[in-house]
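Colleague: There's a structure below that I have some questions on.
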Amino acid sequence: MLPRNDFVSVAPSETSEREWRENVHPDGWRNPAPAARYHLAVIGAGTAGLVAAHAAAALGAKVALIERHLLGGDCLNVGCVPSKAIIRTSRLVAEMRHAKHYGAQIPGDIRVDFSEVMQRMRGIRARISRADSVRRLVSAGVDVFFGEARFTGTQTLTVDGATLRFKKAMVATGSRPDTPSIPGLVEAGYLTNENVFDLAELPRRLLVIGGGPLGCELAQAFSRFGSKTIIAQSWPLFLPLEERDAAQILSDAFARDGIEVRLNTRAVNVRVEGGHKLVDLVSDDYKSTVAVDAILTGTGRVPNVDGLNLEAAGVDYDHTGGIRVDDFLQTTNPRIYAAGDACLEDKFTHTADASARIAVRNALFLGRQRLSALTIPWCTYTDPEIAHVGLYVRQAHEKGISVKTFTIPMHDVDRAIADGEEAGFVKIHVKEGSDRILGATIVARHAGEMINEITLAMVAGIGLRTLADVIHTYPTQGEAIKKAADAYNRTRLTPFRNGLLRKWLRGWV
Amino acid sequence: MISEPPMAEQTLDQLQRAAFSYFLQAANPANGLIADTTRDNSPSSIGVVGFALSAYPVAVERGWMTRADAVQRSLATLRFFRDSDQSGSPDATGYKGFYYHFLDMQTGIRVWRSELSMVDTAMLLAGALTAASYFDAETDEEIELRGIVDTLYRRIDWSWTLGGKATIRLGWKPECGFLNYGWDGYNEAIVLYVLALGSPTHTIAGDSFEAWTATYQWENLYGHDFLYAGPLFIHQFSHAWIDFRGIQDRFMREKRCDYFENSRRATEVQREYARRNPHGFAGYDEACWGVTACDGPSHQQPELADEPRRLFGYAARGVPYGPDDGTLSGWAAMASLPFAPEIVLGTARAMLDRYPENLSDLQYASSFNPSLSRADRRAWVSAGLFGLDQGIVVLMIENYRSQLIWRLMRNSHPIRTGLRRAGFRGGWLR
């Protein structure tokens, strides 16, 4: 077991901080007396747990929700919400620096007050935490227990000394950042998503280890705030699972922001000398050492499965894949289901949400909904954003499906030109010879918003041809999707069809 | 009325001959090695040597060199590689039949801690096979030449380059083993796979080629359906040796296209990109393009230290996603000549007229950048000459004029075998 990571600067107590604490884990909370038996006991009150508890309670079920730390989980407290709040500021700063390009005067020296940025983030987090506050849960009829849950049998668990009996249970314990095993890292102190949002001061020099979504997002934000940022990752590309062109555009954007990009590079040792963290990096046969003030790791996540005594409940799991579930999200104990990061490969908030809804229906109402039927988009909120849904070309080829991609560079989209936001593309993959959308990747300033149209089309079974008939407001960046659909339609105009049309028109003269 | 061609045959001949003269200027006749560039202390690049070996037969046919001289130069080169240190030590010349990317011009040993390069070895070997196919006389020297090429080919351990993976690893260093390159998608490596698949001694499985083509992206971009790759040279280098007209692998059969037609479309895409010119660079238009891997301006150059634009130095520039800093390569436009002569001749003429500074003594510089004009309003031009650029110009103009290299390689047994094993059918392979 690794020593606890102590690189935490505790932020000052403020109104918003108090409100947030009051919502997510009130001081002096007393757990209720357990009911005789619960229809559903939910372990973990992150996105999946909260969705499940609210959904089940709304349908009349008696629900217990057990959380060991904070309601809202990583997403609200140390993930999506706080990161998006600071990314917003970082985008503003980047735009201010480019103001001249738009004909606006730069207001002197642009400075970032990091503590104000973090204060704003905490205010936003407190406000959003109201939606899933403990008070709302209680008023919805959910019994909320704070403490460590531990199974004691196939239908019982304990929390804080009390025994809870359940007909059905759902494990939604989430995941935590994986710690890379780099000698000296723990001793030197490092940041993860769990403590980076507690920083009181901007690190002057930051090394981000790992080119995954979180690493990329925060590297860019901190760089824009003024940290001299280096990003090092062992793969030859950023976001190795994404389209390589997306990685190219991102790498370009990072260079513009002044981030030093070290791909194909491993951190092999960390030591502290004179208050500096010295990190040895190796790229093939090239060795170097960088001196930084903080190290942020974003090298993946591991499921939270320890301490639950899952063996007593007959629930199979392993430490990398998490809790073993079937396509109905049922574990090896038919009474117990799982949802979210604790059991899924795709560790996204929206997947946790969707999987929790499936698990509740299947657990309480004899549902037979399948996880594999979901169409799951995702987005990395760098600038530009990278969003994806469905299959990648490589995955389609592996399934023996021939693919054709309709590509619209954003520099062909009028609104993107007007906005000065031309970096990126829309790529829509269809099955060769048809208009069936297999997947799409969008790289654009607002790709996360744009991908929803493609997801809708895929879920509703709408082909690319129909998207060409959808009138898109002009000028919008989303028009790129219509342009891709128009490009599809043009390819249908074979020489034979073209000939027929010309013949028809000749008859009209 | 017959309209004047945009570029006279004579001009084309002069450009081709000037490009060929690089291999005389930059050669060490003792060992046949050719310098990577004309810059001071440039080492030899084995890929450039491959182009030289292919260019000598062109020079013989065009009357720029005697056959005897060409044989001597080729033999010097081939004997050097045959006798080179193959121990794979850090200061050897090669390992397992492959060679380090950069070699000392005099001693032939590895420099710059360069990698053992699979794709550059393939270009070297393609040149050697061109020589073996052309020098077919039953003289002692030409028999020896063919014998050495056979030896060099047979000793290459292609199967080793898989390193336990499905596709070929592209680099290896004695200090760290196989390099962890990101090498997905279509690139210039077809000739590498074809030679690996054609090997009589250490071949690789055919599904290795399939595993590579599974990373291809077939895209509709700017109204053209094509196998996407950003830098223009990717659509040219394997085509210097292999005539892809009318022959198709599984991927191209499915797409009802071939790699030659694909390169034609890539040329159109380059032109479309230049017409759009999304970054507003000076000089870009339908008759001025050529975004590819090349030298380029950088902030390290004293005269550009204060340049506010982003500059990329030597980089694999590509369309439509960049990197693009306004740098174009005249040679790259010219090297698309066989695919789309009606486009390229006009473009080459226009680029010659507008930016004569891009050539010195009719030899193309690696690149020029009209957005970085000097005081005399002439474009920034890359210093010196690069061997790969000269080589591709010689071969592609020849393939346009006489298809000499294609014809020679169509008769090369390893090429035919390799193409068949990669799944190519039809056309001249029938």
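The values are calculated or read from the model by the stated rules, or taken from the named source; none is laboratory data. Predicted, not measured: the structure shown is a model, and the values here were computed from it. Cβ placement follows ideal geometry from the backbone for every residue including glycine, while neighbour counts extend to all protein chains displayed.
Colleague: Surrounded by fewer than 20 Cβ atoms within 10 Å (Cβ to Cβ), within 14 Å of chain B (Cβ to nearest Cβ) and not basic (Lys, Arg): is that true of A:Leu241 in this structure?
Modeller: Yes: the conditions hold for A:Leu241.
Colleague: Within region B:287-300, track down each residue that is within 14 Å of another protein chain (Cβ to nearest Cβ) and buried (at least 22 other Cβ atoms within 10 Å of the Cβ).
Modeller: Correct list: B:Val291, B:Ala293.
Colleague: Next question. Just the residues that are of a type in the set (S, T, N, Q) and either under 26 Å from the mean Cα position of the chain (by Cα) or more than 10 Å from every other protein chain (Cβ to nearest Cβ) (or both), please, taken from region A:391-410.
Modeller: Correct list: A:Gln395, A:Thr405, A:Thr407.
Colleague: Mind checking whether some residue in region A:193-210 is within 13 Å of chain B (Cβ to nearest Cβ) and closer than 30 Å to B:Arg317 by Cα?
Modeller: Looking through region A:193-210, none of the residues is within 13 Å of chain B (Cβ to nearest Cβ) and closer than 30 Å to B:Arg317 by Cα.
Colleague: With respect to the numbered conditions (1) more than 17 Å from A:Ile442 (Cβ to Cβ); (2) within 14 Å of chain B (Cβ to nearest Cβ); (3) of a type outside the set (Lys, Arg), which one is the sole condition not fulfilled by A:Leu364?
Modeller: (2)
Colleague: So which of B:Tyr364, B:Tyr284, B:Tyr355 ends up being in contact (Cβ under 8 Å) with a residue 40 or more places away in the chain, within 14 Å of chain A (Cβ to nearest Cβ) and of a type in the set (Phe, Trp, Tyr)?
Modeller: B:Tyr284 is the lone residue from the list that is in contact (Cβ under 8 Å) with a residue 40 or more places away in the chain, within 14 Å of chain A (Cβ to nearest Cβ) and of a type in the set (Phe, Trp, Tyr).
Colleague: Whether any residue in region B:66-78 is crowded, with 24+ Cβ neighbours inside 10 Å, β-branched (Val, Ile, Thr) and more than 14 Å from every other protein chain (Cβ to nearest Cβ) is what I want to check.
Modeller: Yes: one or more hits.
Colleague: May I ask you to say which residue of A:Ala131, A:Ala232, A:Ala200 is free of Cβ contacts under 8 Å to residues at least 24 places away in the same chain and either under 23 Å from A:Pro82 (Cβ atoms) or in the same structural domain as A:Val279 (by TED's automatic domain parsing) (or both)?
Modeller: Matching residue, one of A:Ala131, A:Ala232, A:Ala200: A:Ala131.
Colleague: I would also like to ask the following. In region A:244-259, how many residues are assigned to a helix (DSSP H, G or I) and more than 10 Å from every other protein chain (Cβ to nearest Cβ)?
Modeller: Qualifying residue count for the region: 3.
Colleague: List the residue pairs whose Cβ atoms are under 9 Å apart, where the first residue sits in region A:280-291 and is more than 9 Å from chain B (Cβ to nearest Cβ) and without any contact (Cβ under 8 Å) to a residue 40 or more places away in the chain, the second is among the β-branched types (Val, Ile, Thr) and surrounded by fewer than 17 Cβ atoms within 10 Å (Cβ to Cβ), and the two are 6 or more positions apart or on different chains.
Modeller: Matching pairs, first to second residue: A:Asp280/A:Val268; A:Asp280/A:Thr289; A:Lys287/A:Val268.
Colleague: Please give the number of the condition B:Arg275 fails out of (1) free of Cβ contacts under 8 Å to residues at least 40 places away in the same chain; (2) part of a loop (DSSP other than H, G, I, E, B); (3) within 14 Å of chain A (Cβ to nearest Cβ).
Modeller: With (1) free of Cβ contacts under 8 Å to residues at least 40 places away in the same chain; (2) part of a loop (DSSP other than H, G, I, E, B); (3) within 14 Å of chain A (Cβ to nearest Cβ) applied to B:Arg275, the lone miss is (2).
Colleague: Additional query: Tell me yes or no: at least one residue of region B:164-178 is assigned to a strand (DSSP E or B), surrounded by fewer than 23 Cβ atoms within 10 Å (Cβ to Cβ), within 14 Å of another protein chain (Cβ to nearest Cβ) and on the phi > 0 side of the Ramachandran plot.
Modeller: Taking every residue of region B:164-178 in turn, at least one turns out to be assigned to a strand (DSSP E or B), surrounded by fewer than 23 Cβ atoms within 10 Å (Cβ to Cβ), within 14 Å of another protein chain (Cβ to nearest Cβ) and on the phi > 0 side of the Ramachandran plot.
Colleague: Separate question: If I ask for residues that are of a type in the set (D, E, K, R), without any contact (Cβ under 8 Å) to a residue 40 or more places away in the chain and in a loop (DSSP other than H, G, I, E, B), which ones from region B:321-344 would you list?
Modeller: none
Colleague: Kindly provide the set of residues from region A:439-474 that are under 19 Å from A:Pro384 (Cα atoms), away from chain B (no Cβ under 14 Å) and either crowded, with 17+ Cβ neighbours inside 10 Å or not polar (S, T, N, Q) (or both), ordered by number.
Modeller: Once the filter is applied, which keeps residues that are under 19 Å from A:Pro384 (Cα atoms), away from chain B (no Cβ under 14 Å) and either crowded, with 17+ Cβ neighbours inside 10 Å or not polar (S, T, N, Q) (or both), region A:439-474 yields A:Arg445, A:His446, A:Ala447, A:Gly448, A:Glu449, A:Met450, A:Ile451, A:Glu453, A:Ile454.
Colleague: List pairs: first residue in region B:133-146 and without any contact (Cβ under 8 Å) to a residue 40 or more places away in the chain and closer than 22 Å to B:Asp83 by Cα, second residue of a type outside the set (A, V, I, L, M) and surrounded by 13 or more Cβ atoms within 10 Å (Cβ to Cβ) anywhere in the structure, Cβ distance under 6 angstrom, at least six positions apart or on different chains.
Modeller: none
Colleague: Moving to a separate point now. Could you check how many residues of region B:54-74 are touching a Phe, Trp or Tyr at 6+ places or on another chain (Cβ under 9 Å) and either of a type in the set (A, V, I, L, M, F, W, C) or not assigned by TED's automatic domain parsing to the domain that holds B:Thr151 (or both)?
Modeller: Qualifying residue count, region B:54-74: 8.
Colleague: Further, regarding this structure: Working only within region B:159-200, note down all residues that are polar (S, T, N, Q) and more than 24 Å from A:Thr265 (Cβ to Cβ).
Modeller: B:Ser159, B:Ser199, listed by residue number.
Colleague: Could you say whether any residue in region A:424-437 is among the β-branched types (Val, Ile, Thr) and either in a helix (DSSP H, G or I) or without any contact (Cβ under 8 Å) to a residue 24 or more places away in the chain (or both)?
Modeller: No, region A:424-437 contains no residue that is among the β-branched types (Val, Ile, Thr) and either in a helix (DSSP H, G or I) or without any contact (Cβ under 8 Å) to a residue 24 or more places away in the chain (or both).
Colleague: Does B:His235 satisfy the criteria of being closer than 16 Å to B:Arg271 by Cβ and away from chain A (no Cβ under 14 Å)?
Modeller: yes
Colleague: Still on this structure, I have one more. Out of region A:411-428, which residues are within 9 Å of chain B (Cβ to nearest Cβ) and either farther than 12 Å from A:Pro384 by Cα or of a type in the set (A, V, I, L, M, F, W, C) (or both)?
Modeller: Matches in region A:411-428: A:His411, A:Asp412, A:Ile417, A:Ala423, A:Phe425, A:Lys427.
Colleague: Still on this structure, I have one more. I'd like the full set of residues that are farther than 29 Å from B:Leu24 by Cβ, among the hydrophobic types (A, V, I, L, M, F, W, C) and not in a helix (DSSP H, G or I), limited to region B:345-377.
Modeller: The answer is B:Leu372, B:Ala375.
Colleague: Looking only at region B:301-310, decide whether some residue is surrounded by fewer than 20 Cβ atoms within 10 Å (Cβ to Cβ), within 23 Å of B:Ser366 (Cα to Cα), small (Gly, Ala, Ser) and within 14 Å of chain A (Cβ to nearest Cβ).
Modeller: Within region B:301-310, not a single residue is surrounded by fewer than 20 Cβ atoms within 10 Å (Cβ to Cβ), within 23 Å of B:Ser366 (Cα to Cα), small (Gly, Ala, Ser) and within 14 Å of chain A (Cβ to nearest Cβ).
Colleague: Sort out which residues of region B:304-320 are in contact (Cβ under 8 Å) with a residue 40 or more places away in the chain and either assigned to a helix (DSSP H, G or I) or aromatic (Phe, Trp, Tyr) (or both), and write them in order of number.
Modeller: Passing the criteria: only B:Leu304.
Colleague: Restricting attention to region B:205-228, which residues are crowded, with 21+ Cβ neighbours inside 10 Å, in a loop (DSSP other than H, G, I, E, B) and out of contact with any strand residue (DSSP E or B) (no Cβ under 8 Å at 6 or more places or on another chain)?
Modeller: B:Tyr222
Colleague: Which numbered condition trips up B:Ala375, out of (1) crowded, with 22+ Cβ neighbours inside 10 Å; (2) at pLDDT below 95?
Modeller: (1)
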